[in-house]
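Taking it in order: structure first as structure tokens, then the write-up.
Where a number appears in this text, it was derived from the coordinates with a stated rule and is not lab data. Keep in mind that what you see is a predicted model, and the values were worked out from it rather than measured. With ideal geometry, Cβ positions are generated from the backbone for all residues, glycine too; neighbour counts draw on all protein chains shown.
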Amino acid sequence: MLLDTPLCNFGWPAPDFTLSDPHGIPFTLSEQLGDKGLLVMFICNHCPYVQKIIDRLAEDCRQLMAEGVNVVAVMSNDYQEYPADSPDNMVAFSRQHKLPFLYLVDEDQHVGKAFGAVCTPDFFGFNAQGQLQYRGRLDDARMDDPAKRTPELLNAMRQVAASGTGPQTQHPSMGCSIKWRSDE
């Protein structure tokens, strides 16, 4: 199901969390919040929207990380029902696409719910104080011709890093719904 993300709630505080990578090593959001900000992304392995953009996303994140913006990806899908998103497959997906950022497992889905994540991909750009400044998409809708794209996320996070504030005009991300457990 295709969903759009809500508009950016400027200044919303990032909820702290502790999540583990697929190997069981824990990381906290507060440890990842850098002096130039933090990008938290909700992605998964099986979503066709994520698969379409993952290599461009990895490249944009490499650039942001080189410029001092920290980046973390979170996988909140119910991987019992969607085994393509299992921790073992997250490792393979990370390796295949040479992902430069942490890719964390939201086992009980509490982080996805705390953030109000609705789809994959879903991007949350925070300034150094942990205040939301970007809730938009990776780039413009020219997914058929990546050479002509406008890198909205990259440009927004560069602005957040430089000024602490995000762009006033933002376009919602869109993608597949997060696969919540049916027992909840």
Report the full-extension gain for the segment residue 28 to residue 81: residue separation times 0.36 nm, less the Cα-Cα distance, to one decimal in nm. 16.4 nm
Separation between the residue 67 and residue 140 pseudo-spin-labels, each 7 Å from Cα along Cα→Cβ, expressed in nm? 1.8 nm
Overall form of the stretch 72-178 per C-alpha gyration tensor (a/c, 1.5; a/b vs b/c): prolate
Heads up, the stretch 1-99 by the C-alpha gyration tensor (a ≥ b ≥ c square roots of eigenvalues; a/c under 1.5 rounded, else a/b over b/c prolate, else oblate) looks rounded
Please find, in a Gaussian network model of the chain (springs between Cα atoms separated by less than 10 Å), the residue of 140, 78, 106 whose mean-square fluctuation is greatest. 140
Two-site label geometry, residue 59 and residue 162: point separation in nm, points 7 Å out along Cα→Cβ: 2.1 nm
Among 43, 54, 25, determine the one that fluctuates most according to a GNM of the chain built with springs between C-alpha atoms less than 10 Å apart. 25
What FRET efficiency comes out for residue 107 versus residue 9 if R0 is 35 angstrom and r is the Cβ-Cβ distance? Round to the nearest 0.05. 0.85
Can you pull out the GluC sites (Glu not before Pro) in the stretch 80-160 whose DSSP state is coil and whose Cβ has at most 11 other Cβ atoms within 10 Å? 81
Towards the positive end of the charge dipole of the chain, with charges on Cβ (+1 Lys, Arg; -1 Asp, Glu), say which of 25, 116, 171 has the farthest Cα. 171
per DSSP, antiparallel bridges as share of beta bridges in the stretch 2-177, % nearest 5, sits at 65 percent
Take the alpha carbon atoms of the stretch 71-134, find their center, do the same for the stretch 25-42, and report the distance between the two centers in whole angstrom. 12 Å
Starting from the Cα gyration tensor of the stretch 22-69, take the square roots of the eigenvalues, sort them a ≥ b ≥ c, and report rounded, prolate or oblate (rounded when a/c is under 1.5, otherwise prolate if a/b is larger than b/c, else oblate). oblate
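Net charge near residue 17: determine it from the other residues with C-beta under 12 Å of the C-beta of residue 17, scoring Lys and Arg +1 and Asp and Glu -1. Kindly include the intermediate steps, with their values, before the conclusion.
Numbers: positive: 113; negative: 16, 31, 106, 107, 108.
That works out to -4.
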State which stretch of the chain is the longest one without any exposed trypsin sites (Lys or Arg not before Pro), exposure meaning a DSSP loop state and at most 15 other Cβ atoms within 10 Å. 1-97
Sorted by chain and then number, the residues having a modelled amide H within less than 5 Å of the amide H of residue 137, at least 5 places away or on another chain, are 171, 173
Pull the list of the chain cysteines that no other Cys approaches to under 4.7 Å, Cβ to Cβ. 8, 44, 61, 119
Of the stretch 52-80, those with amide N under 17 Å from the point 7 Å along the Cα→Cβ vector of residue 92 are 79-80
